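Participant: I'd like to ask you about the structure that follows.
The values are calculated or read from the model by the stated rules, or taken from the named source; none is laboratory data. Treat the numbers as computed from the prediction; the structure is a model and nothing was measured. Using ideal geometry, Cβ is built from the backbone for each residue, glycine included, and neighbour counts are taken over all protein chains shown. The area values use the complete protein model at the heavy-atom level, side chains included, leaving out ligands, DNA and RNA. Shrake-Rupley method; radii C 1.70, N 1.55, O 1.52, S 1.80 Å.
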Amino acid sequence: MSSKERTTRSRIAKLIHYAPMMRATVTVRRVTCGKANCRCAAGERHLAVYITSRKGGARRQLFIPREKEEEVRSWVGNYHRVRELLDELSELFWERVTKEK
Ligand SMILES: [Zn+2]
């Protein structure tokens, strides 16, 4: 096993063992709260954080309270990090099979 492969596998393993992770897209939307005399009714909308993802064929979304945003973003970041590392590992094997040809 090359040192690059060992390092990549070790990084993947660490994240898999300990890191909370979630596949989702974090989006910030401008929304109105519905109160007639709120500033948002005059056009100055509130910022609201949502996560969206697909399950089966269906798209789903969920509102995330402000105090949960940072944590949820870190979960999504960890998921993407694992995906990137898997792609790096895959690339090593792509190179290997290319060399063997
Ligand atoms: Zn409002």
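Participant: Among the listed residues Val72, Val31, Val49, identify the single one that is without any contact (Cβ under 8 Å) to a residue 60 or more places away in the chain and away from the ligand (no atom under 16 Å from the Cβ). Quick ask: steps written out before the conclusion?
Facilitator: Values: Val31 fails: away from the ligand (no atom under 16 Å from the Cβ); Val49 fails: away from the ligand (no atom under 16 Å from the Cβ).
Exactly one residue qualifies, and that residue is Val72.
Participant: Additional query: Name the single residue that is nearest to Gln61 (Cα to Cα) among those in the range 34-46 being in contact with a strand residue (DSSP E or B) (Cβ under 8 Å, 6 or more places away or on another chain) and within 7 Å of the ligand (Cβ to nearest atom).
Facilitator: In this case the residue turns out to be His46.
Participant: Okay, next question. When the range 46-58 is examined, which residues are found to be out of contact with any Lys or Arg (no Cβ under 8 Å at 6 or more places or on another chain) and within 24 Å of Gly34 (Cβ to Cβ)?
Facilitator: Of everything in the range 46-58, just one residue is out of contact with any Lys or Arg (no Cβ under 8 Å at 6 or more places or on another chain) and within 24 Å of Gly34 (Cβ to Cβ), namely Ile51.
Participant: Name the residues in the range 22-45 that are under 30 Å from Val82 (Cβ atoms) and open to solvent by 70 Å² or more (accessible area, probe 1.4 Å), would you? Show your work before the answer.
Facilitator: So in the range 22-45, the residues under 30 Å from Val82 (Cβ atoms) come out as 22-29.
Within the range 22-45, Arg23, Thr25, Val28, Arg29 qualify.
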